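The values are calculated or read from the model by the stated rules, or taken from the named source; none is laboratory data. Since this is a predicted model, take the numbers as computed values, not measurements. All Cβ positions, even for glycine, are placed from backbone atoms using ideal geometry, and neighbour counts span all protein chains on display. The accessibility values were calculated without ligands, DNA or RNA, using every heavy atom of the protein model including side chains. Shrake-Rupley method; radii C 1.70, N 1.55, O 1.52, S 1.80 Å.
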There are 2 protein chains.
Amino acid sequence: MIEIEYDGTNYSGWQIQPNARSVQEEIMKALKKITNEEIKLNAAGRTDAGVHAKGQVANFYLNASIPTNRIVPALNSNLAQDITVLNAKEVPLDFHARYSAESKKYLYNIYNSSTRSSLFRNYSYHVTNKLSISKMENAAKKLIGTHDFKAFMSSGSSVQDTVRTIYTIKIDKHNNNICLSFHGNGFLYNMVRIIVGTLVEIGTDKRPIEDIEQILLSKDRRKAGHTAPPQGLILEKVYYPS
Amino acid sequence: MIEIEYDGTNYSGWQIQPNARSVQEEIMKALKKITNEEIKLNAAGRTDAGVHAKGQVANFYLNASIPTNRIVPALNSNLAQDITVLNAKEVPLDFHARYSAESKKYLYNIYNSSTRSSLFRNYSYHVTNKLSISKMENAAKKLIGTHDFKAFMSSGSSVQDTVRTIYTIKIDKHNNNICLSFHGNGFLYNMVRIIVGTLVEIGTDKRPIEDIEQILLSKDRRKAGHTAPPQGLILEKVYYPS
């Protein structure tokens with residue numbers, strides 16, 4: 001398995017697709033250069049276009065006998081600067097980056113100011129109305145625990161079981177930068193971004209904190225808030241049983 | 001005067017120059033669009049290619065009568081996303097962004113890890129050898145106060161008086177990210193970057209802390225360390241007498 005950091009700004013997302021530049025394809029090309037093999041990758045989370053990763057995890061099977069400690073420098077020298085392999089290690093044959101994952105942590109950055117930010121434009125959601133952190137925190141508390149998060153899932157997902165457990169949601173503010181961190185046993189398609197969109201609506205008084213319970217009970221995507229844009233999201237870390 | 005944030009990655013620096021895209025020229029073009037005047041700008045600090053700003057200040061004289069509160073939205077809608085005018089206010093005619101400045105604050109970001117960072121590549125200096133923060137702090141202390149910083153100035157500057165006062169140097173570490181902040185009454189050409197290069201050499205044990213006194217006394221650029229790269233540097237704030 002390899003752990004990967006990437007700046008998703010110039011990619012169509014993790015997943016290979018025709019006529020688009022994906023992170024997965026770039027890594028497959030680099031693997032092909034050093035092994036001459038067509039190697040398929042399993043990723044822990046399929047990030048969308050513009051979404052970033054500090055700790056994406058992917059696994060693959062190699063026929064070539066390359067020492068594990070050579071994988072990182074060999075891949076990085078064949079990858080653009082906006083994709084970096086952080087480390088590599090051998091794992092049992094039944095390891096799967098996605099199915100073996102125990103929990104995941106995502107960060108979501110908001111830039112809260114009347115003017116846009118040039119430095120954070122590709123790494124944050126620009127919210128112009130002043131956000132109440134305490135309202136967002138109170139709403140977030142109602143999401144902690146095990147719930148059916150179906151209302152917080154975008155259509156287009158084939159997932160049947162929409163029950164997930166969120167262990168923690170932390171909200172930190174430094175000047176205009178607000179960082180939300182989410183740790184849970186798994187996240188549905190666009191779940192973090194829909195939760196953030198809903199918390200932003202609560203934080204700007206467009207809807208009351210109490211809406212959270214109603215949204216969860218409804219299991220209806222239309223009851224939740226908007227989907228916050230992709231560039232604020234970072235797949236921070238994937239945890240596996242040790 | 002206007003306060004400006006910019007991502008310097010795709011610019012040749014602040015200063016207008018032929019066959020290059022400068023921040024100053026982009027703002028002059030935007031000013032021309034909204035006033036139809038050729039307006040010259042005075043900036044507080046002429047940042048080099050790749051250097052960023054969160055609080056650059058520039059002043060200019062307008063003949064057109066545009067209400068001050070319209071300047072910010074009008075300029076921003078005529079500027080690329082990587083330049084943002086944060087605010088604008090009228091100032092006395094004798095105000096000069098550079099000569100009226102009382103002090104300045106710069107930040108310098110280092111990414112200290114054996115592997116590069118895709119997310120911070122355009123906003124930090126990648127140092128692979130482990131840095132000792134305490135050694136850097138002890139060396140930095142010797143630079144606080146009023147000194148002749150001639151040894152920490154790149155050639156190519158016409159400045160005669162090379163005495164400056166540094167009020168504070170703070171070093172903060174979060175995981176692999178090290179942020180140095182410098183507050184002083186003024187900085188010579190490349191002074192922050194040469195100080196950072198020297199502190200990095202001390203922090204990685206390439207030279208002793210005591211070198212600092214010798215470098216200051218020598219007034220010889222060749223005695224100081226290397227010039228740290230531009231992309232780690234941010235002009236954070238310019239202070240004026242209130």
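Hey, can you tell me all the residues within the stretch B:25-55 that are part of a helix (DSSP H, G or I) and touching a residue at least 24 places away in the same chain (Cβ under 8 Å)? Answer for the stretch B:25-55, where residues must be part of a helix (DSSP H, G or I) and touching a residue at least 24 places away in the same chain (Cβ under 8 Å): B:E26, B:I27, B:K29, B:A30, B:L31, B:K33, B:I34, B:T35.
To keep it simple, each residue is scored yes or no on (1) buried (at least 19 other Cβ atoms within 10 Å of the Cβ); (2) not small (G, A, S).
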site: A:G8; (1), (2): yes, no
site: A:W14; (1), (2): yes, yes
site: A:A30; (1), (2): yes, no
site: A:K33; (1), (2): no, yes
site: A:T47; (1), (2): yes, yes
site: A:V51; (1), (2): yes, yes
site: A:K54; (1), (2): yes, yes
site: A:V57; (1), (2): yes, yes
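Scanning the stretch A:145-197 for residues that are in a helix (DSSP H, G or I) and open to solvent by less than 40 Å² (accessible area, probe 1.4 Å) yields A:A151, A:F152, A:M191, A:V192, A:R193, A:I194, A:I195, A:V196, A:G197.
Evaluated against (1) more than 16 Å from A:E137 (Cα to Cα); (2) crowded, with 22+ Cβ neighbours inside 10 Å; (3) under 16 Å from the mean Cα position of the chain (by Cα), A:I215 falls short on exactly one condition, (3). The residue that is farthest from the other protein chains (Cβ to nearest Cβ), counting only those in the stretch A:112-142 that are more than 16 Å from A:P229 (Cβ to Cβ) and surrounded by 21 or more Cβ atoms within 10 Å (Cβ to Cβ), is A:A139. If you filter the stretch A:225-241 down to residues that are assigned to a loop (DSSP other than H, G, I, E, B) and more than 14 Å from chain B (Cβ to nearest Cβ), you find that the one that is farthest from A:V51 (Cα to Cα) is A:P241.
If you filter the stretch B:59-85 down to residues that are outside any helix (DSSP H, G or I) and open to solvent by 50 Å² or more (accessible area, probe 1.4 Å), you find that the one that is farthest from the other protein chains (Cβ to nearest Cβ) is B:N63.
Picking from residues in the stretch A:4-24 that are at the interface with another protein chain (Cβ under 10 Å from one of its Cβ atoms) and in a strand (DSSP E or B), the one that is nearest to A:G50 (Cα to Cα) is A:Y6.
Let's see how each residue does on (1) touching a helix residue (DSSP H, G or I) at 6+ places or on another chain (Cβ under 7 Å); (2) without any contact (Cβ under 8 Å) to a residue 12 or more places away in the chain; (3) among the charged types (D, E, K, R):
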residue	(1), (2), (3)
B:S155	yes, no, no
B:I169	yes, no, no
B:G203	yes, no, no
B:I209	yes, no, no
B:Q214	yes, yes, no
B:S218	yes, no, no
B:R221	yes, no, yes
B:T227	yes, no, no
B:V238	no, no, no
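Within the stretch A:37-48, is even one residue over 30 Å from B:N87 (Cβ atoms) and either among the aromatic types (F, W, Y) or within 14 Å of chain B (Cβ to nearest Cβ) (or both)? Yes, the stretch A:37-48 contains at least one residue that is over 30 Å from B:N87 (Cβ atoms) and either among the aromatic types (F, W, Y) or within 14 Å of chain B (Cβ to nearest Cβ) (or both).
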